[in-house]
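All remarks here apply to the structure that follows.
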Amino acid sequence: MHNIDINKFSKKYNVRKLHHDDVDLIYSFCKSNTQYYEYCEKEPSIELIERDLKITPPDFPIEQKYYVGFFESDNLVAIMDFEDGYPDEDYAYIGFFMMNSELQGNGIGTQIISEIFEYLRKLGFRKCMLGIDKDNPQSN
């Protein structure tokens with residue numbers, strides 16, 4: 001386990017952990033991203049979001065999971081589910097990353113991921129895996 005400071009995930013955006021109190025915000029955010037849900041063939045729901053806030057890979061400690069939001073003022077720019085040390089100690093895993101649908105296509109997501117990679121390198125991570133839906137052009 002690394003000494004993760006989520007405030008260093010971005011130089012531009014305020015980053016904070018998302019919790020049960022944020023479910024409605026996350027739901028509205030996800031619901032506006034119709035293309036993602038078309039490819040995964042499911043609809044966003046309160047129950048799905050509540051599960052995602054708590055789910056980890058098998059036998060993985062919840063303390064090493066970071067479900068975070070990137071904010072510009074009160075505007076939610078992106079959501080990320082990050083696991084510290086999965087599948088092993090030198091790895092980071094981003095299982096879910098979604099941009100605000102109104103901001104897609106202008107490099108902000110790439111910038112956020114690049115900043116995270118830079119920070120993770122400084123912490124000594126050797127690799128970072130990003131989960132994608134292979135048929136979704138947004139993911140690729």
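Some points to look at:
- Charge tally in the Cβ shell below 13 Å around Ala78, where Lys, Arg are +1 and Asp, Glu are -1, Ala78 excluded: -2
- Each residue of region 25-34 was assigned a 3J(HN,Hα) from its phi angle through the Karplus curve 6.51 cos²θ - 1.76 cosθ + 1.60 (θ = phi - 60°); the sequence is 4, 4, 4, 4, 4, 5, 4, 7, 9, 5 Hz, with glycine and proline shown as x.
- The Cα atoms of region 26-108 give a gyration tensor whose axes a ≥ b ≥ c have a/c of 1.5 or more with a/b greater than b/c, which makes the shape prolate.
- Rounded to the nearest 500, the 222 nm mean residue ellipticity of the chain from helices alone is -8500 deg cm²/dmol, with -39,500 (n - 2.57) taken per DSSP H run of at least 4 residues.
- Protein-only accessible surface order, largest first, of Thr110, Thr56 at 1.4 Å: Thr110, Thr56
- Region 35-83: C-alpha gyration tensor shape, a/c 1.5 cut-off, then a/b vs b/c: oblate
- Between region 37-76 and region 1-25, the alpha-carbon center distance in angstrom: 12
- Given R0 = 30 Å, the distance between the Cβ atoms of Lys122 and Ser101 translates into a calculated FRET efficiency of 0.45.
- Region 14-114: trypsin sites (Lys or Arg not before Pro) in DSSP loop, at most 13 other beta carbons within 10 Å: Lys42
- Three-way shape label, the chain, alpha-carbon gyration tensor, a/c 1.5: rounded
- Gain on full stretching of the segment that runs from Ser28 to Phe71 - 0.36 nm per residue minus C-alpha separation: 14.0 nm
- Computed extension length for Arg51-Asp88: 11.0 nm, one decimal, from 0.36 nm per residue of separation with the Cα-Cα distance subtracted.
- Low-density loop positions, GluC sites (Glu not before Pro), region 1-105 - DSSP coil, at most 16 other Cβ in 10 Å: Glu41, Glu89
- Straight-distance candidates among the lysines for linking to Lys12, with alpha-carbon spacing under 28 Å and chain neighbours fewer than 8 residues away dropped: Lys31, Lys54, Lys65, Lys122, Lys127.
- Residue separation of Ile62 and Arg16 scaled by 0.36 nm, minus their Cα-Cα distance, works out to 14.9 nm of gained length.
- Think of a 1.4 Å ball rolled over the protein heavy atoms: region 1-117 then has 55 Å² of accessible area per residue.
- Each Lys or Arg adds one and each Asp or Glu takes one away; over the other residues whose Cβ falls under 15 Å from the Cβ of Phe9, this sums to +1.
The values are calculated or read from the model by the stated rules, or taken from the named source; none is laboratory data. These numbers were taken from a predicted model, which means no experiment stands behind them. Note that each Cβ is placed from the backbone with ideal geometry, even for glycine, and that neighbours are counted across all protein chains shown. Quick note on the areas: whole protein, heavy atoms, side chains included, nothing else; ligands and nucleic acids left out. Shrake-Rupley method; radii C 1.70, N 1.55, O 1.52, S 1.80 Å.
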